[in-house]
Ligand code: AMP
């Protein structure tokens, strides 16, 4: 099974992608995570991407096409892939279709996570993650149970993404609307897309996604869960 998970910043796509990766044994391919890791290592690719990322803009398509093609050549992609943060515009969606077709693969299901701008903004501006295990928290919405200690691994050091500040998030939301949202009719036309409300708890959202993945809701063509 090959899945795409997309949605505006702060809607919880990274969190859901990690859960689904474990539950379904898929390879999670997050272009954002890959670019951040490259930037931290100071590679040429990472340094090029860092400017775009910090400004809240997309990197050039060619930059992410290279990453995707390389990762899909790995044998572990055969178990199925969950695309997290790619594709992000129509050209990327068409590139992915063509690349998968070459490899005899296809996209089986696409999940659009949706949420209101003001809640997303408040979630993301308060967002921080555990330096050790990467678990995300958000001050007002999903804080650690004990202040300063990660619920999952007990880590005591936290980090904040360089692009998680109000002005940058507003720009990312605008770019999402103009460039990423047009993928909705593209995947709806293929009958593989469902829109899931990402504003509930993590568990509620996972349950809705699982219903869709298990085909419990068969007529999902133009549906919202
Ligand atoms: P994310 O972690 O998915 O929010 O991605 C963080 C940043 O990485 C984005 O704001 C972009 O600058 C860059 N990025 C990630 N994926 C893509 C993509 N598919 N196309 C262009 N830029 C991307």
Distance between segment 93-154 and segment 176-206 - C-alpha centres, whole angstrom: 14
What length, rounded to one decimal in nm, is gained on full extension from residue 114 through to residue 202, with 0.36 nm per residue of separation minus their alpha-carbon distance? 30.4 nm
Just to verify a number: FRET efficiency for residue 178 and residue 139, C-beta to C-beta distance, R0 = 25 Å, to 0.05? 0.30
Sticking with the crude label model, points 7 Å out along Cα→Cβ, report the distance from residue 52 to residue 215 in nm, one decimal please. 3.7
Using a Gaussian network for the chain with springs between C-alpha atoms less than 10 Å apart, which of these wobbles most: 181, 156, 190? 156
Among 74, 170, 36, which one moves the most in a GNM of the chain with springs linking Cα atoms closer than 10 Å? 74
Can you tell me the length gained on complete extension of the stretch residue 100 to residue 162, counting 0.36 nm per residue apart and subtracting the Cα distance? 19.1 nm
Calculate how many DSSP beta bridges within the chain are antiparallel, expressed in % of all such bridges and rounded to the nearest 5. 30
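Read-outs: derived from the displayed coordinates by stated rules, not from any lab. Remember, predicted model here, so these are calculated numbers, not experimental data. Don't worry about glycine lacking a Cβ; one is built from the backbone with ideal geometry, like all the others, and counts go over all protein chains shown.
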